[in-house]
Amino acid sequence: MSQLVIESNTAPPGGSDVDVVVRGVVRVLGGTRALDGVELDVAGRARVGIVGRSGAGKSTLLSLVAGLDEPDAGTIAVGGEAAARERLARCALMPQRDSLLPWRTALDNAALALENAGVSRRDARRRAAPLFARLGLAGSERLRPAKLSGGMRQRVAFLRTLLADKPVLLLDEPFGALDAITRAELQAWLANALAAEPRTVLLVTHDVEEALLLCDRVLVLSRGRMTAELDVDVPRQGPRREVVTSPGFVQLREQALEAIE
Amino acid sequence: MKRWWPPLVLLAAAVGIWELVVRAANVPDYLFPAPTAVASSLADDAGLLGRATLVTVREIVAGYLLAVAVAVAIAVVLHFSTAFRRALLPLLVLSQTVPTVLLAPILAILLGYGIEPKLIVVAVVCFFPIVVNAVDGLRSADPELVRMMRTLHGGRLAIFRRVELPGALPAIFSGARVAATYAAVGAVFGEWAGSSSGLGFVILQAQPALETARIFAAVLILSALALGLYALVTLTERFLVPWQPEATHA
């Protein structure tokens, strides 16, 4: 894939090497501790995966990092800034469902963040359009989400998140709604897109394999606590089938699954 | 087209039976005119009814547009201000308990016999379903979309313009369609309270003269006007809400 270049008129606050530091975070939701003393360090441009069962507190953690919510105890800093609006200024969230706006075409959905930032619709489209071709979406620019396949919708949603031009990407189960084959396709696609456009990435998923394929480090969140931390130090080049069956990969997956139990 | 013929067949059957019963029982036209008598009144009084229709159409269209504009504006204010919503919404509901029949004469006294009091009566009759639906529509925006917008540089205004308002359009239109069926009745009330032209005025004049067929003809035109407005609103919705999956409404 050729290099993606996103023109930007506004440098993301704090530069592009923005780190995320979470210290002793507690969040109580509905009387239970959804997060109970979470510690997390994500270096600038690192890719960290968080796996766990449904209800383990994964999405809650992303909302907190994004600045959409405040912890009951502990601190969260993004690029050294702890205030919610500063976190919000540095993070772009890709929600669980694709959350495309049904009244906008694929291109206008992707350009949404630019328009929100005050760029005219024409200029926003002009900036989003080249990415469509480069990321395998050519021809779908004028289609509304209802006409797109699930995989295409997720690609547009990711493009929209990327075009927000924020240093930190928070991906919440980005491929949770897709079938296994499309999912594998999109994981490869995302790995390429992130290689071309490096950002600090926090990926939440219940799919251990997905996290191990896409991230440098994988943390296991269980009942509101981090219970394991795995460095993904196995080679991941080559066909997916070979990667996921290599001894090192299999061992990591076993460790992660054990920690989730 | 297929969905159209069942009501049409039923309507034709009803009109046929009506004609037969009136003829068989020898009911005089001034008591209850047969469909053919109504039809010949439509033809004979075409000039009179045509001029009256033009007047009433103006009242209906202008009053309805006024209602839509005011209703959407009020809904937006109610949406943005909790204080206004708490204070104004109960009063709006209360306002609907005032019978229009009583409101019309008061407006005629205040504003005279021109078109203004009719516009206001039409607007008062029409605006309520639009306000209620618009407020509901604006408030029912998917919170997930709002969260997404906030992390994508979306301020309060951007969220309103790009998420809440387009999302509320289907609800606003369902209110507008209900309101469309009230507009003709509103215009007639307005004319009854004081006027010298329009279909309501024609009905008022035909009554003491026992021109019952003409009353029926005027009512027929009023129904057609309401139906026409409804169709126009539905068409506008298809144009403005093209992302809506295949119409769930008739």
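Of the numbered criteria (1) under 16 Å from the mean Cα position of the chain (by Cα); (2) modelled with pLDDT of 95 or more, the one A:Val26 fails is (1).
Mind telling me which of the residues A:Leu135, A:Leu163, A:Leu107, A:Leu169 ends up being in contact with a Phe, Trp or Tyr (Cβ under 8 Å, 6 or more places away or on another chain) and within 17 Å of A:Leu194 (Cβ to Cβ)? Talk me through it step by step, then tell me what you get.
Details: A:Leu163 fails: in contact with a Phe, Trp or Tyr (Cβ under 8 Å, 6 or more places away or on another chain); A:Leu107 fails: within 17 Å of A:Leu194 (Cβ to Cβ); A:Leu169 fails: in contact with a Phe, Trp or Tyr (Cβ under 8 Å, 6 or more places away or on another chain).
From the options A:Leu135, A:Leu163, A:Leu107, A:Leu169, the qualifying one is A:Leu135.
Pairs meeting the criteria (first residue in region A:46-66 and more than 11 Å from A:Thr205 (Cα to Cα), second residue among the acidic types (Asp, Glu), beta carbons under 6 Å, at least 6 apart or on different chains) are A:Ala46/A:Asp216; A:Arg47/A:Asp216; A:Leu62/A:Asp172; A:Ser63/A:Asp69.
All told, B:Phe216 falls short of being among the hydrophobic types (A, V, I, L, M, F, W, C), farther than 17 Å from B:Val38 by Cα, more than 14 Å from chain A (Cβ to nearest Cβ) and open to solvent by 20 Å² or more (accessible area, probe 1.4 Å). Might you check whether a residue that is closer than 30 Å to A:Glu115 by Cα, more than 14 Å from chain A (Cβ to nearest Cβ), out of contact with any strand residue (DSSP E or B) (no Cβ under 6 Å at 6 or more places or on another chain) and surrounded by fewer than 24 Cβ atoms within 10 Å (Cβ to Cβ) occurs anywhere in region B:174-189? Among the residues of region B:174-189, at least one is closer than 30 Å to A:Glu115 by Cα, more than 14 Å from chain A (Cβ to nearest Cβ), out of contact with any strand residue (DSSP E or B) (no Cβ under 6 Å at 6 or more places or on another chain) and surrounded by fewer than 24 Cβ atoms within 10 Å (Cβ to Cβ), which makes the answer yes.
In region B:1-27, which residues are surrounded by 11 or more Cβ atoms within 10 Å (Cβ to Cβ) and not in a helix (DSSP H, G or I)? The one that is surrounded by 11 or more Cβ atoms within 10 Å (Cβ to Cβ) and not in a helix (DSSP H, G or I): B:Val27.
Find the helices (runs of 4 or more DSSP H) located wholly in region A:205-261 whose residues include 2 or more that are within 23 Å of A:Val26 (Cα to Cα), and list them. Write out each step before concluding.
Numbers: elements: A:208-214, A:240-245, A:247-260.
Fully inside region A:205-261 and qualifying: A:247-260.
Yes/no matrix, rows are residues, columns are (1) of a type outside the set (Val, Ile, Thr); (2) within 15 Å of the chain's Cα centre (by Cα); (3) open to solvent by 90 Å² or more (accessible area, probe 1.4 Å):
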residue: A:Thr205; (1), (2), (3): no, yes, no
residue: A:Leu213; (1), (2), (3): yes, yes, no
residue: A:Arg217; (1), (2), (3): yes, yes, no
residue: A:Ser222; (1), (2), (3): yes, no, no
residue: A:Arg225; (1), (2), (3): yes, no, yes
residue: A:Ala228; (1), (2), (3): yes, no, no
residue: A:Val234; (1), (2), (3): no, no, no
residue: A:Gln237; (1), (2), (3): yes, no, yes
residue: A:Gly248; (1), (2), (3): yes, no, no
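Select from region A:42-69 the residues that are open to solvent by 10 Å² or more (accessible area, probe 1.4 Å) and more than 14 Å from chain B (Cβ to nearest Cβ) and list them in ascending order. Passing the criteria: A:Ala43, A:Gly44, A:Arg45, A:Ala46, A:Arg47, A:Arg53, A:Ser54, A:Gly55, A:Lys58.
Yes/no per residue for (1) closer than 24 Å to B:Val185 by Cα; (2) under 20 Å from the mean Cα position of the chain (by Cα):
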| site | (1), (2) |
| --- | --- |
| B:Ile17 | no, no |
| B:Leu31 | yes, no |
| B:Ala71 | yes, yes |
| B:Val76 | no, no |
| B:Leu102 | yes, yes |
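The single condition among (1) surrounded by fewer than 16 Cβ atoms within 10 Å (Cβ to Cβ); (2) in contact with a Gly (Cβ under 8 Å, 6 or more places away or on another chain); (3) within 14 Å of another protein chain (Cβ to nearest Cβ) that A:Lys147 does not satisfy is (2).
Residues checked against (1) in contact (Cβ under 8 Å) with a residue 40 or more places away in the chain; (2) open to solvent by less than 30 Å² (accessible area, probe 1.4 Å); (3) not hydroxyl-bearing (Ser, Thr, Tyr):
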| site | (1), (2), (3) |
| --- | --- |
| A:Ala128 | no, yes, yes |
| A:Phe132 | no, yes, yes |
| A:Ala157 | yes, yes, yes |
| A:Leu162 | yes, yes, yes |
| A:Trp189 | yes, yes, yes |
| A:Asn192 | yes, no, yes |
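I need the full set of residues from region A:22-48 which are among the small types (Gly, Ala, Ser) and not in a strand (DSSP E or B), in order please.
At the first step, the residues of region A:22-48 found to be among the small types (Gly, Ala, Ser) are A:24, A:30-31, A:34, A:37, A:43-44, A:46.
Listed by number, the residues that qualify are A:Gly30, A:Gly31, A:Ala43, A:Gly44, A:Ala46.
Residues of region A:70-88 being of a type in the set (Gly, Ala, Ser) and either on the phi > 0 side of the Ramachandran plot or away from every other protein chain (no Cβ under 14 Å) (or both), which ones?
Of all residues in region A:70-88, those of a type in the set (Gly, Ala, Ser) come to A:73-74, A:77, A:79-80, A:82-84.
Matches in region A:70-88: A:Ala73, A:Gly74, A:Ala77, A:Gly79, A:Gly80, A:Ala82, A:Ala83.
For region B:226-239, does any single residue satisfy the condition of being within 14 Å of chain A (Cβ to nearest Cβ) and either open to solvent by 40 Å² or more (accessible area, probe 1.4 Å) or out of contact with any helix residue (DSSP H, G or I) (no Cβ under 9 Å at 6 or more places or on another chain) (or both)?
Here is the first cut: in region B:226-239, the ones within 14 Å of chain A (Cβ to nearest Cβ) are B:237-239.
Those still in the list that are either open to solvent by 40 Å² or more (accessible area, probe 1.4 Å) or out of contact with any helix residue (DSSP H, G or I) (no Cβ under 9 Å at 6 or more places or on another chain) (or both) too: B:238-239.
Yes, the conditions are met somewhere in region B:226-239.
The values are calculated or read from the model by the stated rules, or taken from the named source; none is laboratory data. What you see is a predicted model; the values in this text were computed from it and never measured. Cβ atoms come from the backbone with ideal geometry, glycine included; neighbour counts cover every protein chain shown. Protein only, heavy atoms only, side chains kept; ligands, DNA and RNA dropped before computing areas. Shrake-Rupley method; radii C 1.70, N 1.55, O 1.52, S 1.80 Å.
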